[in-house]
Amino acid sequence: MSVRRLAEQQPPSFAFTPENKAWADKLIAKYPKGRQASAVIPLLWRAQEQHDYWLPKAAIEAVADMLGMNRLRVLEVATFYTMFNLAPVGRHFIQLCGTPPCHVRGAPQLRKILERRIGPQQHVSADGAFSWLEVECLGACCNAPMAQINNDYYEDLTEENFLLLLDDLAAGRTVKKGSQTGRISSEPTPGKGTTLADPTLYDGSRVGAWKKRFEEEQARQAAAAAEAAAAKEAASAAQQAPTDAAKPARPAAVTEEATLASAPAAAKAAAAAAPAASGAAASTPTHEAKERSVDPGVTALAAGAADPAAAAREAQAAQEEAEIKAKLATLSKDATPQQKADAVGARPAGLTAARGGVADDLKRIKGVGKVNEGKLNELGVFHFDQIAAWTRPEIRWVGTYLAFPGRIDREDWTGQAKLLAQGLETEFSRRVDRGEVSTSTGGPSRPDKTK
Ligand code: FES
């Protein structure tokens, strides 16, 4: 809403014509005594019509005097409503609607035309033919964008038909009022939308149709998402096996003894491991091979850094991981750890309690921290020889149950357990015994960076 002030140049006086005066007296007489002020708007409107479509100060005062009102109150009414023009307007006074429905349908482009052709708002063109004003909704939104010119509406305006309209008005030609595109009232544009002749308006088939469409779209999106997720999972599982199997033994899986080996030796070991990995995927675990490679009198694993068995374990772990992943993908998302483990392996038989009431310190196995030891105990696993005897299905079951399939092979739990069950040591068990491994001494169960 812009500030509305009286025009600077004002006529000295105003008086209704005898005809308008008679009309005004008749109107005022319709109101009960003391309520004549109710006639203020019709009187101001008639004064504006009489005075070239704008209200001078003298007209406002004349109306106030006729109605016995304070002049300031009538001025408040005249300045409040934009339908009252407080300054001269053109012979064709254009009120362009700028409210959102008209705005989004093209009112800004029409506004630019008016600015270009006539000038700024409330400016009368040099020939006195045009002036314009942007106003709020004029109630013809369904035929937006629109403009009121003097007392008539012009709707469905486009840049083209608006320019033609202005040309015709300027040339004094007859113009078409209402829709400029041929629509009758606010009926749908021919060929677009629905007409009242559409039988679906009356046969009930539209009831709940939007909801049905919404639900169908939701179901379609959910199915597409599930299909995409399944395809991604399958592709990932298919890629994982060959890729991982082809990899040379990862440094992390070479086990701690790699850290004891010299760098050149480790590099040599990795080179040696690569060819072994390609053929080892389907072979059986190589704990025995590892055992043969160690000196039981010193440490079982100290010489294992360059052992191709590490690569074999890695390859086997990768292959099984891929198989397990594929199987788990078929389970429901809220499957329990036990359900997942049962789907891929067989639970090892457990004891109800440690033999003789004394459990082995399972934390002496690299990869078994305090938390995992507790979980193993809950499964009835208390001794090294139990772990050493795990079969492939049992390894898969435990690995999946503990949520790290493949790790048991990579860290060679069963190989370590075999040595420890015989009363031998590993490098790792010696570190545990010396209290050098925090996760094995009651500290927080987290990856040991020293491993
Ligand atoms: S928004 Fe323009 S007429 Fe209603």
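The values are calculated or read from the model by the stated rules, or taken from the named source; none is laboratory data. From a predicted model like this one, the values you see are computed outputs, not experimental measurements. Cβ: placed from backbone, ideal geometry, glycine included. Neighbour counts: every protein chain shown.
What to note about this one:
- Matching residues in region 127-151 - criterion: being more than 8 Å from the ligand (Cβ to nearest atom) and on the phi > 0 side of the Ramachandran plot: Gly128, Asn150
- Entirely in region 96-181, the strands (runs of 3 or more DSSP E) that have 1 or more residues that are among the β-branched types (Val, Ile, Thr) and in contact (Cβ under 8 Å) with a residue 12 or more places away in the chain: 130-135, 147-149
- The set of residues from region 7-19 being surrounded by 13 or more Cβ atoms within 10 Å (Cβ to Cβ) and at pLDDT 95 or above comprises Gln10, Phe14, Phe16.
- Breaking point among (1) part of a loop (DSSP other than H, G, I, E, B); (2) closer than 26 Å to Gln121 by Cα; (3) of a type in the set (A, V, I, L, M), for Ala15: (2)
- Take the conditions (1) part of a helix (DSSP H, G or I); (2) at pLDDT 80 or above; (3) of a type outside the set (Gly, Ala, Ser); Arg313 misses just one of them, which is (2).
- Candidates Lys26, Lys33: the one that is without any contact (Cβ under 8 Å) to a residue 40 or more places away in the chain, part of a helix (DSSP H, G or I) and not assigned by TED's automatic domain parsing to the domain that holds Glu134 is Lys26.
- Looking across region 92-126 at every residue that is among the hydrophobic types (A, V, I, L, M, F, W, C) and surrounded by fewer than 16 Cβ atoms within 10 Å (Cβ to Cβ), the one that is farthest from the ligand (Cβ to nearest atom) is identified as Ala126.
- If you check Phe80, Phe162, Phe84 for being closer than 28 Å to Pro11 by Cα and surrounded by 15 or more Cβ atoms within 10 Å (Cβ to Cβ), only one passes: Phe84.
- Selected residue (only one of Leu44, Leu86, Leu72 is under 24 Å from Arg5 (Cβ atoms), aliphatic (A, V, I, L, M) and assigned to a loop (DSSP other than H, G, I, E, B)): Leu86
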